[in-house]
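Written out below as structure tokens is the structure these notes cover.
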Amino acid sequence: MFAIDRDSFEQEVLQSSEPVVVEFWGEQCSVCVAMMPEVEELAKSFEGRVKFCKIAIAGSRRLCIELKIMTVPVFLFYKNGELVDRIANQDLSVENIRAKAESLLK
């Protein structure tokens, strides 16, 4: 799992040849910080099949507005450069993230 920003979003996500999971997170978000170790382990389990990226909302305001990111954490799922799904709020769990990432491989 690696950090990207607004400038690298198009290349790393929209132009990626492999499916991508993007986490929008914030340093002040306790849920984001608590989930980080589990999400990083999950990313390792998909290495070479699904790319996992994270974007700090600080400094990415315009991108957050464009993608309608209203809260963090939010996970967006991309396939062939297209947004196909998202997880936030009550649906947020490592199990749901894993299931959505697996569905990108179908």
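The set of residues in the stretch 68-106 that are more than 20 Å from Met36 (Cβ to Cβ) and basic (Lys, Arg) comprises Lys68, Lys79, Lys106.
This table checks each residue for (1) in contact with a Pro (Cβ under 7 Å, 6 or more places away or on another chain); (2) hydrophobic (A, V, I, L, M, F, W, C).
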residue	(1), (2)
Glu12	no, no
Glu18	no, no
Cys29	yes, yes
Met36	no, yes
Ala43	no, yes
Gly59	no, no
Asp85	no, no
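Name the single residue that is surrounded by the fewest Cβ atoms within 10 Å (Cβ to Cβ) among those in the stretch 4-32 being farther than 19 Å from Glu66 by Cα and of a type outside the set (S, T, N, Q). Restricting to residues being farther than 19 Å from Glu66 by Cα and of a type outside the set (S, T, N, Q), the top hit is Glu27.
Within the stretch 38-52, is there a residue that is under 11 Å from the mean Cα position of the chain (by Cα), in a strand (DSSP E or B), under 22 Å from Glu18 (Cα atoms) and modelled with pLDDT of 95 or more? Yes; the residues of the stretch 38-52 include at least one that is under 11 Å from the mean Cα position of the chain (by Cα), in a strand (DSSP E or B), under 22 Å from Glu18 (Cα atoms) and modelled with pLDDT of 95 or more. Can you find even one residue in the stretch 66-73 that is outside any loop (DSSP other than H, G, I, E, B) and either modelled with pLDDT under 95 or not hydrophobic (A, V, I, L, M, F, W, C) (or both)? Yes: the stretch 66-73 contains one or more residues that are outside any loop (DSSP other than H, G, I, E, B) and either modelled with pLDDT under 95 or not hydrophobic (A, V, I, L, M, F, W, C) (or both). Checked against (1) out of contact with any Asp or Glu (no Cβ under 6 Å at 6 or more places or on another chain); (2) among the β-branched types (Val, Ile, Thr); (3) under 26 Å from Ser17 (Cβ atoms), Thr71 meets all criteria but (3). Looking for something among the hydrophobic types (A, V, I, L, M, F, W, C), part of a loop (DSSP other than H, G, I, E, B) and surrounded by fewer than 20 Cβ atoms within 10 Å (Cβ to Cβ) - is there at least one such residue anywhere in the stretch 78-88? The answer is no; no qualifying residue exists. Determine whether Lys68 is exposed (fewer than 13 other Cβ atoms within 10 Å of the Cβ) and within 19 Å of Leu14 (Cβ to Cβ). Yes: the conditions hold for Lys68. Being more than 19 Å from Ser8 (Cβ to Cβ), of a type in the set (Gly, Ala, Ser), at pLDDT 95 or above and surrounded by 13 or more Cβ atoms within 10 Å (Cβ to Cβ) is true of Ser103.
The values are calculated or read from the model by the stated rules, or taken from the named source; none is laboratory data. For clarity, every value in this text was computed on a predicted model and none was experimentally measured. Neighbour counts are summed over all protein chains in view; Cβ atoms, including those assigned to glycine, are modelled from backbone coordinates with ideal geometry.
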